[in-house]
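Presented below is the structure to which this report refers.
The values are calculated or read from the model by the stated rules, or taken from the named source; none is laboratory data. Small disclaimer: the values here were computed from a predicted structure and weren't measured. Cβ: placed from backbone, ideal geometry, glycine included. Neighbour counts: every protein chain shown. The protein model used for the area step is the full one, side chains on, heavy atoms only, and it has no ligands, DNA or RNA in it. Shrake-Rupley method; radii C 1.70, N 1.55, O 1.52, S 1.80 Å.
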Amino acid sequence: MKKKLKPKFFILDVDGVITDGTMTYDAKGKRYKIFGPDDHDSLKVLKKYMQVYFVSGDKKGFQISKKRVNDMGFKISLVSAMDRVDWIDEKFGLNNCIYIGDGIFDYLVMRKVVYSIAPMNALDHVLKEANYVTKRKSGDRAVAEAVIHILKFFFKVTFNKIEKI
């Protein structure tokens, strides 16, 4: 961890984190994304401790991501990977954020935020920048695992003690 702060925001990249990263196309273009189980339930618990936001750089699939994120009750912004560091700093302050990402440029954000997480199937150079690497793959409860880690590491809350969401 870069600094001894209690983060206020959890910023999640969508594709390759809460999805399995698959791009499903038909003749009309991108039609579907596969989202994993348990991530929503874990994020409902986490939002009692910090604010949760999503980012996506996927212009063509943004409406799919937006629908899922809105259904979960969270906000999402379309932010290119190259603009994310500045966007996060301006909106939240880098020292207030935990970031989870997997993509080729996510390491740029991970170097700057107070704490970073990557799903185990992220690119090697991204994994090297992560403070924590999940044992689960993206789209397969990696976010739920990350949330359990955040609750324990930053808030000293064990998930098995939570009775209600």
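Remarks
- Between Phe62, Val45, Pro119, the Cα set farthest toward the positive side of the dipole of the chain (charges on each charged residue's Cβ, about the Cα centre) is that of Val45.
- Accessible surface, per residue, of the chain when the full set of protein chains is kept, probe 1.4 Å, Å²: 54
- Helical mean residue ellipticity (222 nm; -39500 (n - 2.57) per DSSP H run of 4+; nearest 500) of the chain: -9000 deg cm²/dmol
- Solvent exposure ordering (accessible area, 1.4 Å, most first) of His40, His125: His125, His40
- Protein-only accessible surface order, largest first, of Ile76, Ile148 at 1.4 Å: Ile148, Ile76
- Near Asp71: Cβ cut-off under 14 Å, other residues only, Lys/Arg at +1 and Asp/Glu at -1. The net charge is +4.
- Overall, the accessible surface of region 46-132 at a probe of 1.4 angstrom is composed of carbon and sulfur to the extent of 47 percent.
- Residues Leu123, Leu108, Leu12, ordered by accessible area of protein heavy atoms at a 1.4 angstrom probe radius and largest first, appear as Leu123, Leu108, Leu12.
- In a reduced charge model with +1 at each Lys and Arg Cβ and -1 at each Asp and Glu Cβ, region 8-165 shows a dipole moment near 440 debye about its Cα centre.
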